[in-house]
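Since every read-out is calculated from the coordinates, none of them should be taken as a lab result. Since this is a predicted model, take the numbers as computed values, not measurements. Heads up, the Cβs are rebuilt from the backbone with ideal geometry, glycines too, and the neighbour counts pull from every protein chain shown.
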């Protein structure tokens, strides 16, 4: 049984595409443009469903920066700009740090 469920609610398609993710896999969703992409990452960690929303490069364009993170369903857990300490880090070094976190 799936733990996470994703859908594309607005697109040029006539049908609504969906995706499922399990506690062990999580679910990642990307919305891309030629200027970059927004990636939403969901994971089940130590009994808690967590999320991160990232601005990331796409096809070589755009910056890498975490916009927000927290526990799904808990507004008090939300952190804005949690990686502000990395804002002067190169995109390659930031991507390495991100990969080490997830």
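Taking the Cβ of each residue in 80, 51 as the centre, tally the other Cβ atoms inside 10 Å and list the residues starting with the fewest.
So the ranking, lowest neighbour count to highest, is 80, 51.
Would you please give the FRET efficiency between residue 15 and residue 48, computed as 1/(1 + (r/R0)^6) with r the Cβ-Cβ distance and R0 = 30 Å, to the nearest 0.05?
Working: r = 33 Å, r/R0 = 1.09.
According to the calculation, E is roughly 0.35.
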